[in-house]
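The values are calculated or read from the model by the stated rules, or taken from the named source; none is laboratory data. Predicted model, so just to flag it, every value in this text is computed and none were measured. Glycine also receives a Cβ, built like all others from the backbone with ideal geometry; neighbour counts cover every protein chain displayed.
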Amino acid sequence: MLLKVDNIDAGYGEVQILWNIFLTVNKGEIVALLGSNGAGKTTTLRVISGLLQPYKGRIFFGEKDITDLKPYERVELGLSLVPEGRQLFPRLSVYKNLKAAAYTKRAREKFEDTLEIIYNIFPILKERRDQPAGTLSGGEQQMLAIARSLVTRPRLLMMDEPSLGLAPKLVIEIINLASRLRDEGYTVLLVEQNVHHALKIADRAYIMETGRIVKEGSGEELLQDPDVKKAYLGL
């Protein structure tokens, strides 16, 4: 087990968003965290990454309790978040966006090696190396956002709505990138509104509603689940 989120309650001030969240991610898996807008998916990722402290519960990464660690300390351990909305430096080149992500000791030492891995996965970024990030297409910007997180040499890559705002053809391409990353040896926790495509590539998945986990199972099991079909797949 690489990640264990154990009985987490969390929210913002007095407004509670999450109730008794329990989920696990095993090494080499794609685990999807799915649900409608406002279900609490992004809040869950914020808690795991250390951007939001839980009211109660614990978070374990490997054998280590990381509940009280700062976000940068979690990155150093191998937790990396691809945020919703990409959040690139639009005036900096592709290369400089990647270089800016190498702020931990491990990332700096391995940057050139990591760059070759990134260019192998995303050859278009090598072609666009000197191009300002803001001039890339939406799909290319999302690839750069993912690549920037890979610079930190993550053991677990968390992706928050990577297909948001993309054309339908690119949605499938970006979600399939998670499958490619798994094949390259990465472990992925994927938050995605496109439930059908996410379940097709996920080893396991959790369904969230109003801040609670209401279903879990393999991707294939949930694709066939009558409630999931009715609520999320329009079937």
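Just wondering, is there one or more residues in the stretch 56-69 that are assigned to a loop (DSSP other than H, G, I, E, B), modelled with pLDDT under 95 and farther than 20 Å from A10 by Cβ?
Yes, some residue in the stretch 56-69 is assigned to a loop (DSSP other than H, G, I, E, B), modelled with pLDDT under 95 and farther than 20 Å from A10 by Cβ.
Does the stretch 76-114 hold any residues that are within 21 Å of T187 (Cα to Cα), touching a residue at least 60 places away in the same chain (Cβ under 8 Å) and in contact with a helix residue (DSSP H, G or I) (Cβ under 8 Å, 6 or more places away or on another chain), and which are they?
Those that are within 21 Å of T187 (Cα to Cα), touching a residue at least 60 places away in the same chain (Cβ under 8 Å) and in contact with a helix residue (DSSP H, G or I) (Cβ under 8 Å, 6 or more places away or on another chain): L79, S80, L81, V82, P83, E84.
Scan the stretch 178-195 for residues that are more than 12 Å from the chain's Cα centre (by Cα) and touching a residue at least 40 places away in the same chain (Cβ under 8 Å) and report the count.
Number of matching residues: 7.
What's the number of the only condition in (1) among the aliphatic types (A, V, I, L, M); (2) in contact with a strand residue (DSSP E or B) (Cβ under 8 Å, 6 or more places away or on another chain); (3) more than 23 Å from P162 (Cα to Cα) that L23 fails to meet?
(3)
If G185 meets every condition in (1) among the small types (G, A, S); (2) buried (at least 20 other Cβ atoms within 10 Å of the Cβ); (3) modelled with pLDDT under 95 apart from one, which number is that one?
The single condition G185 does not satisfy is (2).
I'd like to verify a number: residues in the stretch 96-130 that are loosely packed, with under 15 Cβ neighbours inside 10 Å and polar (S, T, N, Q), how many?
Qualifying residue count for the region: 1.
Identify, please: which residue in the stretch 193-225 is outside any helix (DSSP H, G or I) and among the small types (G, A, S) and is, among those, surrounded by the most Cβ atoms within 10 Å (Cβ to Cβ)?
Selected residue: A202.
Would you check if R155 is of a type in the set (K, R), touching a Phe, Trp or Tyr at 6+ places or on another chain (Cβ under 9 Å) and touching a residue at least 60 places away in the same chain (Cβ under 8 Å)?
In short, yes.
Which one of L170, L164, L233, L144 is surrounded by 20 or more Cβ atoms within 10 Å (Cβ to Cβ) and either aliphatic (A, V, I, L, M) or within 27 Å of F61 (Cβ to Cβ) (or both)?
L144
Are any residues in the stretch 39-53 assigned to a loop (DSSP other than H, G, I, E, B) and either surrounded by 22 or more Cβ atoms within 10 Å (Cβ to Cβ) or not assigned by TED's automatic domain parsing to the domain that holds V195 (or both), and if so, which ones?
Answer for the stretch 39-53, where residues must be assigned to a loop (DSSP other than H, G, I, E, B) and either surrounded by 22 or more Cβ atoms within 10 Å (Cβ to Cβ) or not assigned by TED's automatic domain parsing to the domain that holds V195 (or both): A39, G40.
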